[in-house]
Amino acid sequence: QGWLVLAIAMARFYLEKGTYKGLYKSIQKTLKFFQTFALLEIIHCAVGVVHTSVLVTGVQVCSRIFMVWFITHSIKQIQNEDSVIIFLVVWTVTEITRYSFYTFNMLNHLPYFIKWARYNFFIILYPVGVVGELLTIYAALPYVKKSGIFSVRLPNKYNVSFDYYYFLLIIMASYIPLFPQLYFHMLRQRRKVLHGEVIVEKDD
């Protein structure tokens with residue numbers, strides 16, 4: 001359980017240092033490994049190992065990998081932002097709960113609390129995590145604009161241009177249509193699992 005390792009590492013850092021400044025740097029290798037490894041989850045969904053929507057899982061996994069590699073890894077000036085700690089804590093609690101649910105479920109011994117936590121914690125955690133991610137991207141914008149990182153300027157031999165600053169603005173705007181879809185998907189799953197409602201998912 002990689003996320004449990006991350007949770008212990010974060011707690012130990014804070015207890016020893018008394019601050020979260022430098023926390024991201026101390027756990028970034030572990031975070032990058034386990035979050036990138038999560039790409040396998042999309043394959044698991046596609047082949048039916050886990051009965052979850054491929055679309056929903058794909059969006060979640062890819063957005064997190066983007067946050068890890070193309071935001072916090074690439075723009076080091078923002079690694080001590082409060083918002084980074086917010087989404088790290090949310091991701092960690094979410095994944096520990098989710099993997100505990102899958103593990104106990106496969107063992108056919110699912111405690112009700114784990115089931116309850118899986119389908120209730122997200123009600124608060126999802127919006128808070130999204131706020132953390134958006135604030136982190138927003139904090140990165142001035143550094144992206146100043147450095148020109150990942151941007152391609154004209155003229156060049158390929159005659160194409162790409163502005164990473166405006167790309168990030170589009171990414172932030174994409175949360176508006178995407179987040180409600182993911183959130184209401186989870187709410188439907190919650191009703192189905194906790195209240196026994198039969199709901200047909202179009203993208204499953």
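The values are calculated or read from the model by the stated rules, or taken from the named source; none is laboratory data. A quick note: this is a predicted structure, and the numbers were derived from the prediction, not measured. Here the Cβ is made from the backbone with ideal geometry for all residues, glycine too, and neighbour counts use every protein chain on show. Just the protein is used for accessible areas: all its heavy atoms, side chains included, with ligands, DNA and RNA removed. Shrake-Rupley method; radii C 1.70, N 1.55, O 1.52, S 1.80 Å.
For the range 42-61, which residues satisfy the criterion of being within 15 Å of G129 (Cα to Cα) and either among the polar types (S, T, N, Q) or out of contact with any helix residue (DSSP H, G or I) (no Cβ under 8 Å at 6 or more places or on another chain) (or both)?
Here is the first cut: in the range 42-61, the ones within 15 Å of G129 (Cα to Cα) are 59-61.
Scanning the range 42-61 gives a single hit, Q60.
Examine the range 37-44 for a residue that is over 25 Å from Y165 (Cβ atoms), free of Cβ contacts under 8 Å to residues at least 60 places away in the same chain and not in a helix (DSSP H, G or I), and state whether such a residue exists.
Narrowing the range 37-44 to residues over 25 Å from Y165 (Cβ atoms): 37-44.
Next, only the ones that are free of Cβ contacts under 8 Å to residues at least 60 places away in the same chain stay: 37-44.
Imposing the further condition that a residue be not in a helix (DSSP H, G or I) reduces the set to 38.
Yes, because at least one residue in the range 37-44 is over 25 Å from Y165 (Cβ atoms), free of Cβ contacts under 8 Å to residues at least 60 places away in the same chain and not in a helix (DSSP H, G or I).
Determine, yes or no, whether A11 is small (G, A, S), touching a helix residue (DSSP H, G or I) at 6+ places or on another chain (Cβ under 7 Å) and either open to solvent by 40 Å² or more (accessible area, probe 1.4 Å) or in a helix (DSSP H, G or I) (or both).
On the way: small (G, A, S): yes; touching a helix residue (DSSP H, G or I) at 6+ places or on another chain (Cβ under 7 Å): no; either open to solvent by 40 Å² or more (accessible area, probe 1.4 Å) or in a helix (DSSP H, G or I) (or both): yes.
Considered against the rule, which asks whether it is small (G, A, S), touching a helix residue (DSSP H, G or I) at 6+ places or on another chain (Cβ under 7 Å) and either open to solvent by 40 Å² or more (accessible area, probe 1.4 Å) or in a helix (DSSP H, G or I) (or both), A11 comes out as no.
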- When P177 is evaluated against the numbered criteria (1) open to solvent by 90 Å² or more (accessible area, probe 1.4 Å); (2) part of a helix (DSSP H, G or I), which criterion, by number, is the only one it fails? (1)
- Query: Which residues, counting only those in the range 153-197, are modelled with pLDDT under 95 and among the charged types (D, E, K, R)?
  - Reply: R153, K157, R188, R190, R191, K192, E197
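Just to check your reading of the model, which residue among I42, I78, I65, I71 is over 24 Å from F122 (Cα atoms), among the hydrophobic types (A, V, I, L, M, F, W, C) and open to solvent by less than 70 Å² (accessible area, probe 1.4 Å)? Steps first, please.
Values: I42 fails: over 24 Å from F122 (Cα atoms); I65 fails: over 24 Å from F122 (Cα atoms); I71 fails: over 24 Å from F122 (Cα atoms).
Going through I42, I78, I65, I71 in turn, the sole match is I78.
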- Message: When you check G22 against the structure, is it open to solvent by less than 40 Å² (accessible area, probe 1.4 Å) and either closer than 20 Å to A140 by Cβ or among the aliphatic types (A, V, I, L, M) (or both), yes or no?
- Response: yes
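Do you know which residues across the range 104-122 are in contact (Cβ under 8 Å) with a residue 12 or more places away in the chain and out of contact with any helix residue (DSSP H, G or I) (no Cβ under 7 Å at 6 or more places or on another chain)?
Of the residues in the range 104-122, the ones in contact (Cβ under 8 Å) with a residue 12 or more places away in the chain are 114-122.
Passing the criteria: W116, N120.
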- Note on the structure: Filtering the range 137-161 down to residues that are assigned to a helix (DSSP H, G or I), out of contact with any helix residue (DSSP H, G or I) (no Cβ under 6 Å at 6 or more places or on another chain) and over 16 Å from I171 (Cα atoms) yields K146, S147
- So I149 clears everything in (1) under 14 Å from I75 (Cα atoms); (2) surrounded by 15 or more Cβ atoms within 10 Å (Cβ to Cβ); (3) not polar (S, T, N, Q) except one condition, right? Which one? (2)
- If you check every pair at least six apart or on different chains, which have Cβ atoms under 8 Å apart with a residue in the range 2-23 that is small (G, A, S) first and a residue that is open to solvent by 100 Å² or more (accessible area, probe 1.4 Å) and in a helix (DSSP H, G or I) second? G2/F33; G2/F37
- Query: Is there any pair linking a residue in the range 133-160 that is on the phi > 0 side of the Ramachandran plot to one that is in a helix (DSSP H, G or I), with Cβ under 9 Å and at least six apart or on different chains, and which?
  - Reply: G148/Y164; G148/Y165; F150/F70; F150/V144; F150/Y164; F150/F167
- Message: Residues that are under 15 Å from A38 (Cβ atoms), at least 1 per element: which helices (runs of 4 or more DSSP H) completely within the range 50-124 meet that?
- Response: 54-66, 82-106
- Message: I'd like the residue in the range 87-140 that is over 22 Å from L40 (Cα atoms) and among the polar types (S, T, N, Q) and, out of all such residues, is least open to solvent (accessible area, probe 1.4 Å).
- Response: T136
